[in-house]
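See below for the structure under consideration.
The values are calculated or read from the model by the stated rules, or taken from the named source; none is laboratory data. None of the values given here were measured: they were computed from a predicted structure. Cβ coordinates were reconstructed from backbone atoms using ideal geometry, including for glycine residues, and neighbour counts include every protein chain displayed. SASA here: full protein model, heavy atoms, side chains in, ligands and nucleic acids out. Shrake-Rupley method; radii C 1.70, N 1.55, O 1.52, S 1.80 Å.
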Amino acid sequence: YFYLMLDYLVVGCGLAGIAFCEILEKSGKSFHVVSDNSQQASLVAGGLYNPVILKRFSLAWNAREQMDSAIPFYRELEKKLQVQLDYKLRVLRLFASVEEQNLWFEAADKPNLDYFLSTKILKNKNLNIHAIHGFGKVRYTGRIDTRTLLKAYSRHLADNDKFLKESFDYDEFQTHTGFLSYRSIRAKQIVFADGYGLKSNPFFNYLPLNGTKGELLTIKAPDLKEESVIKSSVFIIPLGNDRYRIGATYKWKDKTNTPTQASRDELLTKLKTFLRCDFDVVEHVAGVRPTVADRRPLVGAHPLQKNIYCLNGFGSRGVLIAPYAAQQLYQHIENKEALHPEMDVDRFTKKYFQDSPLTA
């Protein structure tokens, strides 16, 4: 027995998969999702949407366009799922020196960055934070509660009989003339939004997805009383009820979702350089971000099988990139619109693609 022919099969239900499914629902397309939630990057993400790279005072890739897509996207999801997802929080960059203040002013004079960077230095008023040189403020920032989003959206899909909770079994996947099949599901197209799971994907494992492990702590600090995100050597992200998320680490060799003592120690050491109050660690989580060497997403069709697509490679900025990249892919599939060349997987085809299981 087969389902009636679906328009799409989507593999993965993280930020990328959710963003694409939302477009499918709004467009009246039929689809089914397969996911085992094994990829933890979206689940453990800090959830910040911040268009500025605060280490270098530079604008993230296509940040303005991504912000224009992301904010309405999450607003509509809140109404649809009846949950709060978007928490408006200002992001403050703690200045370690006068030199950093000067670099901030230089950046704020640059085109596009001037829209996001305030030129007013804010004095520190929190006695539990050491910041003698004050802060620079990033405008139009906030936090998406990714944990609530993933749980609520998976429930929404299950309630509408569109969700199959299992690991995708490639032995059960077949290509046919004009369609694809997976177990009892038939679909015209398949989109792999499988995060770091792409490394085990025989259709796209030729792509240079590196994967960067990130670990975060959640602390309880009743005396801190801070309502802004503070960025120094680590982030402090307010979660409410005296809880704060601390992150994140970047490890390139370890590809597991297991928290480590070394990363815990690293985060705490950095945190204590500017936090001046007692706290307790209440949670420690880890996940592998789907990162790419050129820091651009991986979006587009398989070189040989043009109804097999990839939506991946968002790194640590999935909250912002996912709605934008998903819309790009949908318009590419349905309306033959060209993908942004810097995200198109074609940029790697000649260099990395050799043999495909589809050529056998």
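Quote to one decimal, in nm, the extra length available between Lys120 and Ser30 on full extension: 0.36 nm per residue of separation minus the C-alpha distance between them.
Working: separation 90, 0.36 × 90 = 32.40 nm, distance 5.01 nm.
Result: 27.4 nm gained on full extension.
DSSP loop trypsin sites (Lys or Arg not before Pro) in region 26-115 with at most 12 other Cβ atoms within 10 Å of their Cβ, which ones?
Those that pass, being in a loop and sparsely packed, are Lys55, Arg56.
Are there chymotrypsin sites (Phe, Trp or Tyr not before Pro) in region 267-360 that DSSP marks as loop and that have at most 16 other Cβ atoms within 10 Å, and which are they? Can you show the working numbers first?
Numbers: sites: Phe274, Phe279, Tyr309, Phe314, Tyr324, Tyr330, Phe348, Tyr352, Phe353; in loops: Phe274, Phe279, Phe314, Phe353.
Loop-located and lightly packed - Phe353.
Which FRET efficiency value, to the nearest 0.05, is calculated for Asp159 and Tyr87 with the Förster distance at 35 angstrom and r the Cβ-Cβ distance? Don't skip to the end; give the middle numbers.
Working: r = 25 Å, r/R0 = 0.73.
After rounding, the FRET efficiency stands at 0.85.
So what is the 222 nm mean residue ellipticity for the chain from helices alone, if each DSSP H run of at least 4 adds -39500 (n - 2.57) and you divide by all residues, rounding to the nearest 500 deg cm²/dmol?
Details: 8 runs with 96 residues, N = 360.
Mean residue ellipticity at 222 nm (helix-derived): -8500 deg cm²/dmol.
Hey, can you find the accessible area per residue of the chain for me, probe 1.4 Å, expressed in square angstrom? Mind dumping the intermediate values first?
On the way: 16670 Å² over 360 residues.
On a per-residue basis, 46 Å².
Using the Karplus curve 6.51 cos²θ - 1.76 cosθ + 1.60 with θ = phi - 60°, what ³J(HN,Hα) values do you get for each residue of region 280-295, in whole Hz, with x for Gly and Pro?
Karplus values, whole Hz, x for Gly and Pro: 10, 7, 10, 7, 9, 10, 8, x, 9, 6, x, 9, 10, 4, 8, 6.
Take the chain, mark every one of the GluC sites (Glu not before Pro) that falls in a DSSP loop and has at most 13 other Cβ within 10 Å, then report the longest stretch left between them, sites excluded.
Numbers: sites that count: Glu166, Glu227, Glu337, Glu342.
The reported range is 1-165.
Scan the chain and note any complete DSSP helix (H) whose C-alpha atoms cover at least 24 Å along its axis and whose Kyte-Doolittle average is 0.0 or more.
On the way: long enough: 63-81 (26 Å, -0.93); 318-335 (25 Å, 0.05).
Counting only whole DSSP H runs, the qualifying helices are 318-335.
Of all alpha-carbon pairs in region 1-125, indicate the percentage at a distance above 16 angstrom.
On the way: 5651 of 7750 pairs.
Cα-Cα pairs of region 1-125 separated by over 16 Å account for 73 percent.
With only Lys, Arg, Asp and Glu charged, each at its Cβ (+1 for the first two, -1 for the last two), find how big the charge dipole of the chain is about the Cα centre; round to the nearest 20 debye.
On the way: 49 positive and 40 negative charges, 149 e Å.
Approximately 720 debye in magnitude.
Expressed in whole Å with the largest first, what are the equivalent ellipsoid semi-axes of region 105-247 derived from the C-alpha gyration tensor as the square root of 5 times each eigenvalue? Can you show the working numbers first?
Numbers: eigenvalues 385, 85, 45 Å².
Its equivalent ellipsoid spans semi-axes of 44, 21, 15 Å.
Using a 1.4 Å probe on the protein chains only, how many percent of the accessible area of region 102-143 belongs to carbon and sulfur?
Numbers: 1300 of 2510 Å².
For region 102-143, the apolar C and S fraction of the accessible surface comes to 52 percent.
Can you tell me which aspartates and glutamates have their Cα less than 16 Å from the Cα of Lys165? Leave out same-chain residues fewer than eight positions away.
Lys165 reaches Asp36, Asp194.
How big is the convex hull of the Cα atoms of the chain, per residue, in Å³?
Numbers: hull volume 51.5 nm³, N = 360.
So the per-residue Cα hull volume is 143 Å³.
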